Amino acid sequence: MKRRDVLALGGAATLAAVIGGRVVAAETTKTARLLRVYADGAGESHLEELELGAELPPIPVGAVELVNYTRNSSAWHVAPDTRFALNIIGDLDVITSDGKHHAIGPSDLVALEDTTGKGHSTNRLNTVVTIFIHLDKDFDFIKWAKGEAQATAAKATPAAAVAPKKADPSSRIQTRLLRLYTDAAGESHLEELAMIGDRKSIPATEMRLGASKAGATTGKFHNAFFRRFVRNISGEMDITTSDGKTQRVGPQDLVFLEDVTGKGHVSAPLTPITALFIHVVDGFDVVDWAKNAG
């Protein structure tokens, strides 16, 4: 484990290490559920919880989308492709064709692979903001969860292969986007940005999971080592910037770290945390991304 990963999590042990554009888990904590929606041989859909192995094989990173939904109920449908879904905010009641209802919230990572069969219905009980991670059609969630190598090496779905959908420029994605940045004098600040539109593509290059324990901090200021998004799947932390301000960050927040120079910040986990890190392409401008639809 690299020292920069320890500092990035406030001195905590990491759950995952990065290999290229893939995720490799180093150790697992049960702070979030992994749920699999699948179709059996008769076409019936089911939802099951998968136990995670101690070591997880890599996940290739394909297209990544952030989508805002209002409260609604969907018609029965199959998953458009093989993907992970993770709610930043909002609660779902998912009905599978076996007649069962399943409560899904922001601490659940959902593996969708019922691309054939009778499908499922999704009832959004309130405003929902979801991150979709598109995967190769042959990706095997069960083998991945068990830590087994897959028979066929999965290939990431190119972003261009996922048909873009027109965003509504009058809409706003209803979750907080916080930008941690450095000004010309080297002082760090945390500001909130409004996200225009109802869906956005994230130009991801690498993804990883990380974990930290409550109170696991050096108390020292440090810089972000990469420009990237961070979303806590579970847990809360306080972030103190060099301007003297402290802000609490939780699962309802999407944070973009870009204070790679300057005086840095202090991260103090208040509870055990599992976080998703999304690295982005060089030259990515989060301010421009936030204010433009699509």
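The values are calculated or read from the model by the stated rules, or taken from the named source; none is laboratory data. Source: prediction; values computed, not measured. Methodologically, a virtual Cβ is constructed for each residue, glycine included, from the backbone with ideal geometry; neighbour enumeration extends over all protein chains shown.
What to note about this one:
- Residue match in region 203-219 (condition: of a type in the set (V, I, T) and either closer than 24 Å to R33 by Cα or in the same structural domain as Y69 (by TED's automatic domain parsing) (or both)): no
- Listing of strands (runs of 3 or more DSSP E) fully contained in region 73-152 that carry 1 or more residues being in contact with a Leu (Cβ under 9 Å, 6 or more places away or on another chain), of a type outside the set (F, W, Y) and assigned by TED's automatic domain parsing to the domain that holds M207: none
- Region 212-241: number of residues that are over 19 Å from N87 (Cβ atoms) and outside any loop (DSSP other than H, G, I, E, B): 8
- Residue check, S234 in the same structural domain as A184 (by TED's automatic domain parsing), out of contact with any Pro (no Cβ under 9 Å at 6 or more places or on another chain) and among the hydroxyl-bearing types (S, T, Y): no
- Of all positions in region 205-223, at least one carries a residue that is out of contact with any Phe, Trp or Tyr (no Cβ under 6 Å at 6 or more places or on another chain), of a type in the set (A, V, I, L, M, F, W, C) and modelled with pLDDT of 80 or more.
Residue-by-condition table, conditions (1) surrounded by fewer than 22 Cβ atoms within 10 Å (Cβ to Cβ); (2) on the phi > 0 side of the Ramachandran plot; (3) not basic (K, R):
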{"site": "Q174", "(1), (2), (3)": "yes, no, yes"}
{"site": "E187", "(1), (2), (3)": "yes, no, yes"}
{"site": "G219", "(1), (2), (3)": "yes, yes, yes"}
{"site": "R227", "(1), (2), (3)": "yes, no, no"}
{"site": "S242", "(1), (2), (3)": "yes, no, yes"}
{"site": "R248", "(1), (2), (3)": "yes, no, no"}
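- Per-region count, region 242-278, residues over 20 Å from S188 (Cβ atoms) and in a strand (DSSP E or B): 4
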